[in-house]
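The values are calculated or read from the model by the stated rules, or taken from the named source; none is laboratory data. Computed from a predicted model, the values in this text were never measured in an experiment. All Cβ positions, even for glycine, are placed from backbone atoms using ideal geometry, and neighbour counts span all protein chains on display.
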Amino acid sequence: MALAGFFGSVLPHLDERQRRLVVGAAAVMVGRGGKTRVAELSGVSRPTVAKGAGEVEAGAAVSDRQRAAGAGAKLAIDEQPGLLEALDELVEPTTRGTPMSGLRWTLKSTYQLARELTGLGFRVSAELVRRLLHEMDYSLQAPAKQVEGAQQHPDRDGQFRYLNDQVADRLAAGEPVISVDTKKKELIGRYANGGREWQPKGQPARVLVHDFKDRALGEFAKAIPYGIYDVGNDEGWVSVGDSADTAEFAVESIRRWWTRMGRHRFPDATRLLITADAGGSNGYRIRAWEWHLARFAAETGLEVTVCHYPPGTSKWNRIEHRLFSFITMNWRGRPLTSIRVIIDLIAATTTRTGLSVQADYDPGWYPTGVKITDAELAAVPLTRHDWHGNWNYTIHPS
């Protein structure tokens, strides 16, 4: 019984060759009738025990191999000459990259490739195709958003360094730093939403066939989420409106964040740093953005500094991958049937690293086309920084 306990504790942790040698050594140790007895106690077949005993008695050499050279099933590429070449020819028309690339990749699925190879007379499975593609240095990948256009600004990298320095200095001083942006507008109603979620088998959420606006909702058929991400505390705020994505709506969202969250986190703050995209409702060319920020600064007594990301680099904005990406994952596969559903799903977004999010509905009406006059703009107490003052500026609370 002790030997049976030994086998039960040790054998599951060994590879094939090691198990064979252990049971073989035990059989040699037991002596007469040892092979049968060890086979019964270990659950290993008697022929395997006998083979292991023979290897032990012959003085088995230390080796990393589990089988002897030439043992095991023949490789599929040896049994089926021309298989690798046929697979490479199937993949090559859709191969991306350059011939000199160290890693090639294909858009075809292993199931598609297996079907095509079977049609050519080969005996393959999707799993075999996957292993062969890895051996051929292919991998299945999605497109990567890395091409930012040929007209990159010459000071693009310089602006990144300047912005990062500003953020690092403010965070080190314990001051509030927020990243802001408008998330993609979402249709309200029983429309398909990308992704899947667990549901009782055969009972998927039923949605409309076409993504047409619901006439019953009229012009309020889209939700507009504007987000504020607190960089230092890994916290988010999202105002969900249904009017228009304007500079006034953007600044009101920042005001709501400050009232609900910011001022409680930073009760002694006198300065606020905002990082924002170069375009959209918070773009550096938008007069109303500066004008409404001046009103916010006057109301709160905060000195508001804004640093914009260079044009064409919005994907680097922290709010995109620290907040918006997790919101999208949280509501994947769920139809966004109402503003309340959208708010609840946003507020339920968390991560293992500690992200927390609050959200609320903004019922305000924000008309488009409102003009800020030259006189109104000139009255904004704004100081432009020496480095790209159009991208970096401070609005004073006077």
Listed residues Ala298, Ala347; which is surrounded by 14 or more Cβ atoms within 10 Å (Cβ to Cβ) and under 19 Å from Ile274 (Cβ atoms)? Ala298
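Mind telling me which of the residues Arg260, Arg255 ends up being of a type in the set (D, E, K, R), at pLDDT 95 or above, under 26 Å from Arg352 (Cβ atoms) and in a helix (DSSP H, G or I)?
On the way: Arg255 fails: under 26 Å from Arg352 (Cβ atoms).
It is Arg260.
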Mind listing whichever residues of segment 325-348 are modelled with pLDDT of 90 or more and within 14 Å of the chain's Cα centre (by Cα)? none
The number of residues in segment 7-28 that are in contact (Cβ under 8 Å) with a residue 12 or more places away in the chain and assigned to a helix (DSSP H, G or I) is 15
Any residue at all in segment 135-153 that is out of contact with any Phe, Trp or Tyr (no Cβ under 8 Å at 6 or more places or on another chain), modelled with pLDDT of 80 or more and not β-branched (Val, Ile, Thr)? yes
Go through segment 263-278 and give me each residue that's in a helix (DSSP H, G or I) and free of Cβ contacts under 8 Å to residues at least 24 places away in the same chain. His264
Taking only segment 234-269 into account, find how many residues are surrounded by fewer than 24 Cβ atoms within 10 Å (Cβ to Cβ) and closer than 9 Å to Pro176 by Cα. 3
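Anything in segment 20-30 that is over 14 Å from Gly59 (Cα atoms) and modelled with pLDDT of 85 or more? List them, or say none.
Taking segment 20-30 as the starting set, the residues that turn out to be over 14 Å from Gly59 (Cα atoms) are 23, 26-27, 29-30.
Correct list: Val23, Ala26, Ala27, Met29.
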What number goes with the only condition from (1) touching a residue at least 40 places away in the same chain (Cβ under 8 Å); (2) out of contact with any Lys or Arg (no Cβ under 6 Å at 6 or more places or on another chain); (3) farther than 21 Å from Ala172 by Cβ that Cys307 does not pass? (3)
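Go through segment 254-281 residue by residue and tally those that are among the β-branched types (Val, Ile, Thr) and within 26 Å of the chain's Cα centre (by Cα).
Pass one, segment 254-281, residues among the β-branched types (Val, Ile, Thr): 254, 259, 270, 274-275.
Pick out the ones that are also within 26 Å of the chain's Cα centre (by Cα) and you get 254, 274-275.
Summing the residues that are among the β-branched types (Val, Ile, Thr) and within 26 Å of the chain's Cα centre (by Cα) in segment 254-281 gives 3.
Quick check on Thr351: is it in the same structural domain as Ile274 (by TED's automatic domain parsing) and closer than 22 Å to Ala223 by Cβ?
Numbers: in the same structural domain as Ile274 (by TED's automatic domain parsing): yes; closer than 22 Å to Ala223 by Cβ: no.
Taking the combined requirement at face value, the residue does not satisfy it.
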Determine which member of the set Leu187, Leu208 is aliphatic (A, V, I, L, M) and either modelled with pLDDT of 95 or more or outside the structural domain of Trp258 (by TED's automatic domain parsing) (or both). Leu208
Out of (1) touching a residue at least 60 places away in the same chain (Cβ under 8 Å); (2) part of a strand (DSSP E or B); (3) more than 36 Å from the chain's Cα centre (by Cα), what's the single condition that is false for Tyr393? (3)
